[in-house]
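The values are calculated or read from the model by the stated rules, or taken from the named source; none is laboratory data. Keep in mind the model is a prediction, meaning the values are calculated, not measured. Cβ: placed from backbone, ideal geometry, glycine included. Neighbour counts: every protein chain shown. Remember, those area values only see protein heavy atoms, side chains included, never the ligands or the DNA or RNA. Shrake-Rupley method; radii C 1.70, N 1.55, O 1.52, S 1.80 Å.
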Amino acid sequence: MTKVIQIEKDLSVLDEAAEKLASGGLVAFPTETVYGLGANALSAPAVANIFVAKGRPQDNPLIVHISNTDMLSQIVKSVSPAAQKLMDTFWPGPLTIIFEKSDTIPMTVTAGLSTVAVRMPSHPVAQYLIEKSGVPVAAPSANLSGSPSTTRASHVIADLTGRVDYIIDGGACQVGLESTVLDMTGDVPQILRPGGVSLEELQAVLGEVAYEPALKDSRQVPKSPGMKYRHYAPKAELYLVEPQYTDELVKQLAVCRNQGKKTGVLCCGDTQYEADFKIDCGRDAQAYAQALFDALRQMDDLGAEVIFAEIPCDEGGIVPALMNRMLKASGGQVLAEGITTKIERL
Ligand code: AMP
Ligand code: MG
């Protein structure tokens, strides 16, 4: 049985869920990025249940969430001065740092890797829950594997009811995309997954920072095991639309109409397309990022068979993360000059 807890002013409504978390249960909770599905990171059987509940491939490691840096000593071998600088600057917040793992963390968490991913979320509900449970919390995104990540409790309820002990309803997530995953175990810090903290922000603190090559070249095997899977995909077919190809979008909508297909458009602003369903995701990339997963889920609920998603014009900041999720969700299908092409772009 899954119990849903609504957040009130007094966060002590979370105490029973925190107790369940510490004693081996599964609790879905809001963070500033997306909702997470948490288990006690020190308990291999509890963590194994996350993989079952989500249908997550066994080789995809989890991020360990903490509420204070004292917890780190149980999780990692050591903290370099550069990693310390990152923690001082970006924690709590949407940055996940990869460290060499300590022996206390079960291999189930890291999918057999000798490294471990750690993050300190800033969302007050996540912080309270972790602190109250008294244990580090392993938590991937709280969605069924492959489907769009969850940014509202209603998404988690749709995906995980009957599969977890508690779902905490803390409203809509602020960032809307997952954390940046940064590997600090090599010579040069490497972004394995773009996310809520941008390349420019990391460079300002660390100097040299690189994108992992596989992010730009699909022929290379990603270092972050999760990045090789199709992700975030709606049930409908999804095509991305570059800003300069809106004429082509109009044409394709007519083609779909003639074929009797229900169409949906994710728009940048209030645009005039003839589609069955339209959702305005906002003109700037930040607003679009926050709206994306909810919009994809809404389109599925509405029964759209083909979705066209306009790509915002911005650059930098959250854009590489947004493009990464949109390309994965669409399987790389991009509308250009009457055809769909596969592109990889950061
Ligand atoms: P999720 O929590 O579902 O957003 O996924 C966590 C992401 O972090 C996945 O892409 C994982 O592959 C990645 N990750 C977690 N632990 C590690 C690690 N030790 N090394 C590299 N990537 C990791
Ligand atoms: Mg995920």
## Note on the structure
Of the residues in the stretch 251-267, those that are within 26 Å of Asp314 (Cα to Cα) and either surrounded by 14 or more Cβ atoms within 10 Å (Cβ to Cβ) or touching a Pro at 6+ places or on another chain (Cβ under 9 Å) (or both) come to Gln252, Leu253, Thr263, Gly264, Val265, Leu266, Cys267
### Message
What are the pairs with Cβ atoms under 6 angstrom where one residue, in the stretch 126-141, is open to solvent by less than 10 Å² (accessible area, probe 1.4 Å) and in a helix (DSSP H, G or I) and the other, located anywhere, is of a type outside the set (S, T, N, Q) and within 16 Å of ligand 2 (Cβ to nearest atom)? Sequence gap at least six, or different chains.
### Response
Ala126/Phe29; Leu129/Phe29; Ile130/His65; Ile130/Val137
### Task
Run down Ala275, Ala214, Ala233 and say which single residue is more than 25 Å from Lys85 (Cβ to Cβ), in contact (Cβ under 8 Å) with a residue 24 or more places away in the chain and within 16 Å of ligand 1 (Cβ to nearest atom).
Ala233
### Message
Checking the conditions here, which among Ala233, Ala275 is touching a helix residue (DSSP H, G or I) at 6+ places or on another chain (Cβ under 6 Å), assigned to a loop (DSSP other than H, G, I, E, B) and under 24 Å from Val319 (Cβ atoms)?
### Response
Ala233
### Query
So which residues in the stretch 160-183 are under 13 Å from Gly36 (Cβ atoms) and more than 16 Å from ligand 1 (Cβ to nearest atom), if there are any at all?
Tyr166, Ile167, Ile168, Gly170
### Query
Does the stretch 184-200 contain any residue that is away from ligand 1 (no atom under 16 Å from the Cβ), farther than 21 Å from Ala295 by Cα and aliphatic (A, V, I, L, M)?
yes
### Query
Just one of the numbered conditions (1) more than 16 Å from ligand 2 (Cβ to nearest atom); (2) at pLDDT below 95; (3) assigned to a loop (DSSP other than H, G, I, E, B); (4) in contact with a helix residue (DSSP H, G or I) (Cβ under 8 Å, 6 or more places away or on another chain) is not true of Ala214; which one?
(3)
### Task
Inspect all residues belonging to the stretch 219-229 and state whether any of them is within 16 Å of ligand 2 (Cβ to nearest atom), aromatic (Phe, Trp, Tyr), modelled with pLDDT under 95 and surrounded by 22 or more Cβ atoms within 10 Å (Cβ to Cβ).
no
### Task
Say whether the condition of being surrounded by fewer than 18 Cβ atoms within 10 Å (Cβ to Cβ), within 16 Å of ligand 1 (Cβ to nearest atom) and more than 17 Å from the chain's Cα centre (by Cα) is met by at least one residue in the stretch 91-100.
yes
### Query
Counting only residues that are under 21 Å from Ile168 (Cβ atoms) and open to solvent by 30 Å² or more (accessible area, probe 1.4 Å), which one in the stretch 44-62 is nearest to ligand 1 (Cβ to nearest atom)?
Arg56
### Query
If you take the residues in the stretch 107-125 that are in a loop (DSSP other than H, G, I, E, B), in contact with a strand residue (DSSP E or B) (Cβ under 9 Å, 6 or more places away or on another chain) and over 17 Å from Gly36 (Cβ atoms), which one is nearest to ligand 1 (Cβ to nearest atom)?
Leu113
### Query
Does Ile157 count as more than 14 Å from Gly195 (Cα to Cα), more than 11 Å from ligand 1 (Cβ to nearest atom) and buried (at least 24 other Cβ atoms within 10 Å of the Cβ)?
no
### Summary
Considering the stretch 126-153, residues that are in contact with a strand residue (DSSP E or B) (Cβ under 8 Å, 6 or more places away or on another chain) and among the hydroxyl-bearing types (Ser, Thr, Tyr), and then whichever is nearest to ligand 2 (Cβ to nearest atom), we arrive at Ser141
### Query
Based on what the data block shows, is Ala22 over 14 Å from the mean Cα position of the chain (by Cα), open to solvent by less than 10 Å² (accessible area, probe 1.4 Å) and away from ligand 2 (no atom under 16 Å from the Cβ)?
no
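Search the stretch 170-192 for residues being open to solvent by 40 Å² or more (accessible area, probe 1.4 Å) and touching a residue at least 12 places away in the same chain (Cβ under 8 Å), and hand back the single one that is nearest to Lys77 (Cα to Cα).
Selected residue: Thr185.
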